[in-house]
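Report on the following structure.
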Amino acid sequence: MPRAMDAFEYRDGALTCEGVLLSDIADAVGTPVYVYSHRTLIEHLERLRAAFALQATDPLICFSVKSLPNVEILKRLVAHGAGLDIVSGGELHRARLAGVDPARCVYAGVGKTDDEISAALRAGIGLFNIESEAEFENLASLASRERKIARAALRINPDVDPRTHRYTTTGKRETKFGVDLDRARAFFRAADGVESVRLTGLHLHIGSPVYDPAPYREAVTRTVSLMDAIESDHRGRIFETLDVGGGFGADYETGQSPALAEYAEAIAAPLRSRTAAGLRLILEPGRMIAANAGVLLVRVVYTKQSGERQFVICDAGMNALLRPALYSAFHFIWPAEVAPAFVPPRRGRDVDLPGLVLCDVVGPLCESGDFLGEARRLPPVARGDLLAVHAAGAYGMSMANRYNSSPLPAEVLVRDGEATLIRSRESFADLTAHERAAVLDGVGARDPVPAGERS
Ligand SMILES: *Cc1c(COP(=O)(O)O)cnc(C)c1O
């Protein structure tokens, strides 16, 4: 199985995506802009499928919409057989625009509102991933009101440590997600008499990114024991689905993540007899598919020296790409056009070539945390140079924000030598479009403010 890689490469010192010069894209639509490779997205989806096929397993692969929610991207993944993993009413809206079969969608989230649940029931969402007893009761009553029978899986918390960032650890006992293994057993006892919800599966998501297949094996092994215990509690209950979530690593640095075959083996091996007996495996990959399929292009506005430090100030920072500020995430950054001696041999913090300059790559916002990369060794850069921030396809645009009244970036999809704008850059008018005063009729102080005291 070849390692995950992508379609961004230097040709004659110029960074290209599927043969298209990134500098041409920046000239056409300006910066900041996200550029995605269609080929990389689809290859990653197909490699994941192939890795599980080698384990004689045919999982339903539900792409995690929150990682890269652009509808045009979702449409293309759906056309290549992906289902979708949604976590909100907004993502349900996107899923519908993408034309996905709702039966191939799973809906997770700890705080689903009544409106969101009702909309998902009416849309015919395939599987609700239930996070608590209270949510289960609510789903049951909303489903009977809608005269529907919902299918659901209980999210369990297998209490394994994926050894990732504290903010992205989701399968430990003390996180807010899912219910622990003891509660899960009691949960199924209580769910037995409920007619409007068929509780037919289990769901888990241990964290992201998880660079080690071992925690998956451990979590799945514990889950299989739980399935055995629950099935022995209730004669006649057979689990139909197991959703093991996402979190598969992406190569933020060259060669960083394990081969997909290792993840597939770790997950499929403990399930072998269950999948042979008809259990459907569900996966929810996000970053593994999208991260290396996208780069963020920014332009250098100024360079400046401050004490010992050299700052490269770009036209976007934590507004366009929040991960470095939020998680201290590493993204490889390199100029999109370089002299031949500066073509990087790989992507990583340890790239060392003669003549590199130590610098901090920062954004223009009024926050010290507004950086894209700290203490980086880069080829000398100057005002006007274009920089590519790599592995930014997942949780890049989806976490972009308008802080400092920064319009959201544009997005471009490259496919077979052709570049398509899939989201136009926001204008200043977009920024203020919702800021219109409208007095709320029927809402006011119970004791009217006397005319003489009004401000
Ligand atoms: C965020 C999330 C995913 C996707 O995680 P990746 O690291 O992008 O693969 C999958 N499932 C659930 C429940 C999530 O919260």
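Taken together, the values in this text are just the output of simple stated rules run on the coordinates, not laboratory data. Note that the structure is predicted; figures quoted are calculated from it, not measured. Positions of Cβ are backbone-derived with ideal geometry, glycine not excepted, and every protein chain shown enters the neighbour counts.
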>> I need the phi-derived Karplus couplings for region 240-246: 6.51 cos²θ - 1.76 cosθ + 1.60, θ = phi - 60°, integer Hz, Gly and Pro marked x.
In response: 9, 9, 10, 9, 9, x, x
>> Net charge within 10 Å of Gln55 by Cβ-Cβ distance, Lys/Arg positive one each and Asp/Glu negative one each, not counting Gln55 itself?
In response: -1
>> Rounded to the nearest 5, what % of DSSP beta bridges with both residues in the chain are antiparallel?
In response: 50 percent
> With point charges of +1 on the Cβ of Lys and Arg and -1 on the Cβ of Asp and Glu, referenced to the Cα centre of the chain, which listed residue (His38, Gly193, Phe330) lies farthest in the positive direction of the dipole?
Replying inline: Gly193
> Based on Cβ point charges of +1 for Lys and Arg and -1 for Asp and Glu, what charge dipole magnitude is obtained for region 38-287 about its Cα centre, in debye rounded to the nearest 20?
Replying inline: 420 debye
>> Positive end of the dipole of region 38-287, charges at C-beta (+1 Lys, Arg; -1 Asp, Glu), about the Cα centre: which of Leu121, Pro158, Ala140 has its Cα farthest in that direction?
In response: Leu121
> Summing Lys, Arg as +1 and Asp, Glu as -1, what charge do residues with Cβ under 12 Å from the Cβ of Asp350 carry, Asp350 excluded?
Replying inline: +3
>> Relative contact order for region 116-250: what percent, with Cα pairs under 8 Å and sequence separation of 6 or more?
In response: 26 percent
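Tell me the net charge near Leu408. Cut-off is 11 Å between Cβ atoms, Leu408 excluded, with +1 for each Lys or Arg and -1 for each Asp or Glu. Before the final figure, lay out each step's value.
Numbers: positive: Arg402, Arg423, Arg425; negative: Glu411, Glu426, Asp430.
Net local charge, Leu408 excluded: 0.
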>> Apply the Karplus curve 6.51 cos²θ - 1.76 cosθ + 1.60, θ = phi - 60°, to the phi angles in region 218-224 and return the couplings in whole Hz, x for Gly and Pro.
In response: 5, 5, 5, 4, 4, 5, 5
> Percent antiparallel among DSSP beta bridges with both residues in region 38-287, to the nearest 5?
Replying inline: 5 percent
> Per-residue ellipticity at 222 nm for the chain, helices alone: DSSP H runs ≥ 4 residues times -39500 (n - 2.57), over residue total, nearest 500 deg cm²/dmol?
Replying inline: -8000 deg cm²/dmol
> Could you state the principal axis extents of the C-alpha atoms in the chain, from the largest down, to the nearest angstrom?
Replying inline: 77, 70, 41
> How high is the FRET efficiency between Arg11 and Glu72 when r is their beta carbon distance and R₀ equals 22 Å, given to the nearest 0.05?
Replying inline: 0.25
> So what is the relative contact order of the chain, in percent, for Cα pairs below 8 Å that sit 6 or more residues apart?
Replying inline: 19 percent
> Can you tell which of Gly278, His234, Leu202 lies farthest toward the positive end of the dipole of region 38-287, using +1 and -1 charges on the Cβ of basic and acidic side chains (Lys, Arg; Asp, Glu)?
Replying inline: Gly278
>> Run the count for region 38-287, please: Lys pairs, Cα-Cα under 18 angstrom, 8 or more apart or on different chains.
In response: 4
>> Under 5 Å between amide hydrogens, which residues at least 5 positions from Tyr10 or on another chain qualify, with H placed 1.01 Å from N in the peptide plane?
In response: Thr16
> Whose amide H sits under 5 Å from the amide H of Tyr395, counting only residues 5 or more places off or on another chain, with H placed in the peptide plane?
Replying inline: Leu68
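Only Lys, Arg, Asp and Glu count, each charged at its Cβ (+1, +1, -1, -1), so figure out the dipole size of the chain about its Cα centre, rounded to 20 debye.
Taking the Cα centre of the chain as origin, the dipole is about 560 debye.
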> Once amide H atoms are built 1.01 Å from N in the peptide plane, which residues 5 or more positions from Gly286, or in another chain, come under 5 Å H to H?
Replying inline: Ser64, Gly247, Phe248
>> Can you compute 3J(HN,Hα) from phi for each residue in region 188-198, using the Karplus curve 6.51 cos²θ - 1.76 cosθ + 1.60 with θ = phi - 60°, rounded to whole Hz and x for Gly and Pro?
In response: 5, 4, 5, 7, 4, x, 7, 8, 7, 10, 9
>> Give the separation of the Cα centroids, region 212-268 to region 369-407, in Å.
In response: 34 Å
> Can you give me the relative contact order of region 38-287 as a percent, contacts being Cα pairs under 8 Å and 6 or more apart?
Replying inline: 21 percent
